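A.B. asks: Before I ask anything, let me first share the structure, which is written out below as structure tokens.
The values are calculated or read from the model by the stated rules, or taken from the named source; none is laboratory data. This structure is a prediction, so every number in the text was calculated from the model and none was measured. With ideal geometry, Cβ positions are generated from the backbone for all residues, glycine too; neighbour counts draw on all protein chains shown.
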Amino acid sequence: MRHGVIPFVAGALIFLWACGAASAQPATGAPPLPEEAAISRIAFGSCAFQWAEQPILRAVVDAKPNLYLSLGDAIYGDFDGKRTFDVTPDSLRAEWRRLADHPDWRHLVSHVPVLGTWDNHDYGHHSAGAEFLLKAESKEIFLDFFGEPEGSARRQRAGLYDAKVFGPSARRVQVILLDTRSFKSPPLLAERPEGARGSLGKYAPNWDSEATLLGPEQWTWLEEQLRRPAELRIIASSGQVVADEKGMDEWGNYPLERRRLFDLIAETGAKGVVLLSGNVHFAEVSATDEGPYPLVDFTSSGLTHTNKEYPKAPNRHRVAGPFVDSNFGLVTVDWRAEAGPVITLSAIGTDGKRAFEYGVPLSSLAPK
């Protein structure tokens, strides 16, 4: 499949730190987010040890994306490689500062605009949700790191969710960043054999109608976003949406919320939805007919480490992959394809080579 690329000079934020707190300002000569230009290449990734080398980020830059989405666990704030521990605001700032000083990260943000949301480890605790006592402090530190302007709507509301629309009419790309931590109800633990360890099979589906993943305010906001005009909509979630059988940190643990998302896409008439996710430490593409049209979930994880056991879990929805090595995801849009725009989802390794790719005609992402 031939990929169309619209030339674009990418740029980003250089993160500067002082007085123990994070601040950010644009790098000299770095262009802002490409809000007016048509974009055709979006890279994303998740799960990186901030103390480890991250050559995969240099492969991201080499792929020349217009935008990079950090989908969670950009740092492991509650884990040092050997043990887990309780975080403090100071310890979180220190770990974000370590990433800011990382040469591979600095290379990325000096070339590519970056947007982000969080998952459990950069939120501050491996199983934390709405009950996490430091979520307000963690949010402030996170937004400082990513250079969120003071007084922005994202800073004023509870939670980290956000959305932006890029490009001109007929080539509008909406990026929706969900927050699956700030409002999450406690998960339901699965019954497992004594001594069982690891994340696979840890959780069971919670059918309680009061259990939530996004929370009422974020659901209302998401409905408003899905009613905005756009040709392609990227809905980014830290955890997998379509794949629901692993018993890991995923939407399958909240099946009523998962169903609500699919129904909301139908009710709003939102066309062009592509789901992006991370968390599971390998890459795959999953697809389902449970929505108003085939819904595709492209998962990319992890940037510095992977797990050979996790892809062995059942996934009846898998249509591409798995790839179990350091990887990032690349969403390429050929706006000029003869039969209409085509989206290509590619998992790319540290060597810059495609491990797999999956093509989706944009015309197929609409109710029949």
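A.B. asks: List the number of the failed condition for residue 270; all other conditions in (1) in contact (Cβ under 8 Å) with a residue 40 or more places away in the chain; (2) more than 30 Å from residue 211 (Cβ to Cβ); (3) in a loop (DSSP other than H, G, I, E, B) hold.
C.D. replies: Exception for residue 270: condition (2).
A.B. asks: Select, from 336, 354, the only residue that is of a type in the set (D, E, K, R), over 19 Å from residue 52 (Cβ atoms) and over 20 Å from the mean Cα position of the chain (by Cα). Working first, answer last.
C.D. replies: Numbers: 354 fails: over 20 Å from the mean Cα position of the chain (by Cα).
After ruling out the rest, the residue left standing is 336.
A.B. asks: Okay, next question. Kindly indicate whether residue 322 is exposed (fewer than 15 other Cβ atoms within 10 Å of the Cβ) and in contact with a strand residue (DSSP E or B) (Cβ under 6 Å, 6 or more places away or on another chain). Lay out the reasoning, then the answer.
C.D. replies: Details: exposed (fewer than 15 other Cβ atoms within 10 Å of the Cβ): no; in contact with a strand residue (DSSP E or B) (Cβ under 6 Å, 6 or more places away or on another chain): yes.
Criteria not met by residue 322.
A.B. asks: If you don't mind, another one. Taking the stretch 123-153 only, how many residues are of a type in the set (S, T, N, Q) and either crowded, with 18+ Cβ neighbours inside 10 Å or modelled with pLDDT under 95 (or both)?
C.D. replies: Keep residues of the stretch 123-153 that are of a type in the set (S, T, N, Q), which gives 127, 138, 152.
Those left that are additionally either crowded, with 18+ Cβ neighbours inside 10 Å or modelled with pLDDT under 95 (or both): 127, 138.
Counting residues in the stretch 123-153 that are of a type in the set (S, T, N, Q) and either crowded, with 18+ Cβ neighbours inside 10 Å or modelled with pLDDT under 95 (or both) gives 2.
Residue-wise test of (1) within 20 Å of residue 333 (Cβ to Cβ); (2) surrounded by fewer than 22 Cβ atoms within 10 Å (Cβ to Cβ).
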{"residue": "64", "(1), (2)": "yes, yes"}
{"residue": "76", "(1), (2)": "no, no"}
{"residue": "88", "(1), (2)": "no, yes"}
{"residue": "96", "(1), (2)": "no, no"}
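A.B. asks: Moving on. Could you tell me which residue of the stretch 311-341 is farthest from residue 58 (Cα to Cα), considering only residues that are in contact with a Pro (Cβ under 7 Å, 6 or more places away or on another chain) and of a type outside the set (A, V, I, L, M, F, W, C)?
C.D. replies: 340
A.B. asks: Scan the stretch 211-228 and report the pairs whose first residue is without any contact (Cβ under 8 Å) to a residue 60 or more places away in the chain and whose second residue is surrounded by fewer than 18 Cβ atoms within 10 Å (Cβ to Cβ) and among the polar types (S, T, N, Q), with Cβ atoms within less than 6 Å and a gap of 6+ or a chain change.
C.D. replies: 226/268; 227/268
A.B. asks: Sticking with this one: For the stretch 222-238: of the residues being over 18 Å from the mean Cα position of the chain (by Cα) and part of a helix (DSSP H, G or I), which is surrounded by the most Cβ atoms within 10 Å (Cβ to Cβ)?
C.D. replies: The qualifying residue surrounded by the most Cβ atoms within 10 Å (Cβ to Cβ) is 223.
A.B. asks: In the list 165, 241, 175, which residue meets the criterion of being hydrophobic (A, V, I, L, M, F, W, C), surrounded by 15 or more Cβ atoms within 10 Å (Cβ to Cβ) and in contact with a helix residue (DSSP H, G or I) (Cβ under 6 Å, 6 or more places away or on another chain)?
C.D. replies: Details: 165 fails: in contact with a helix residue (DSSP H, G or I) (Cβ under 6 Å, 6 or more places away or on another chain); 175 fails: in contact with a helix residue (DSSP H, G or I) (Cβ under 6 Å, 6 or more places away or on another chain).
Criteria check complete, one pass: 241.
A.B. asks: Can you tell me which residues in the stretch 293-342 are polar (S, T, N, Q) and out of contact with any helix residue (DSSP H, G or I) (no Cβ under 6 Å at 6 or more places or on another chain)? Give the steps one after another, and end with the answer.
C.D. replies: The first filter runs over the stretch 293-342 and keeps only residues polar (S, T, N, Q), leaving 299-301, 304, 306-307, 315, 326-327, 332.
Listed by number, the residues that qualify are 299, 300, 301, 304, 306, 307, 315, 327, 332.
A.B. asks: Here is a follow-up. Filtering the stretch 178-207 down to residues that are surrounded by 21 or more Cβ atoms within 10 Å (Cβ to Cβ) and charged (D, E, K, R), which residue is nearest to residue 68 (Cα to Cα)?
C.D. replies: Result: 179.
A.B. asks: Let me ask something else about it. Can you name every residue in the stretch 161-211 that is under 19 Å from residue 225 (Cβ atoms) and touching a Pro at 6+ places or on another chain (Cβ under 9 Å)?
C.D. replies: 165, 166, 167, 169, 171, 172, 174, 183
A.B. asks: Looking only at the stretch 319-368, filter to residues that are without any contact (Cβ under 8 Å) to a residue 40 or more places away in the chain and part of a strand (DSSP E or B); which one of those is farthest from residue 269 (Cα to Cα)?
C.D. replies: Here the residue is 354.
A.B. asks: If I ask for residues that are touching a strand residue (DSSP E or B) at 6+ places or on another chain (Cβ under 8 Å), among the aromatic types (Phe, Trp, Tyr) and either over 30 Å from residue 337 (Cβ atoms) or in a loop (DSSP other than H, G, I, E, B) (or both), which ones from the stretch 165-212 would you list?
C.D. replies: Listed by number, the list holds a single entry, 203.
For (1) touching a Ser or Thr at 6+ places or on another chain (Cβ under 7 Å); (2) at pLDDT 95 or above; (3) within 24 Å of residue 298 (Cβ to Cβ), each residue gets a yes or a no:
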site	(1), (2), (3)
155	no, yes, no
163	no, yes, yes
193	no, no, no
208	no, yes, no
213	yes, yes, yes
216	no, yes, no
231	no, yes, yes
237	yes, yes, yes
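A.B. asks: While we're looking at this one, here's another question. Restricting the first residue to the stretch 151-178 and requiring it to be closer than 13 Å to residue 221 by Cβ, which pairs with a second residue that is of a type in the set (Asp, Glu) and assigned to a loop (DSSP other than H, G, I, E, B) meet a Cβ separation below 8 Å and a spacing of at least six or different chains?
C.D. replies: 154/148; 159/179; 160/179; 161/179
A.B. asks: Identify, by number, the condition in (1) buried (at least 23 other Cβ atoms within 10 Å of the Cβ); (2) farther than 17 Å from residue 302 by Cα; (3) in contact with a Gly (Cβ under 6 Å, 6 or more places away or on another chain); (4) not charged (D, E, K, R) that residue 38 doesn't meet.
C.D. replies: (1)
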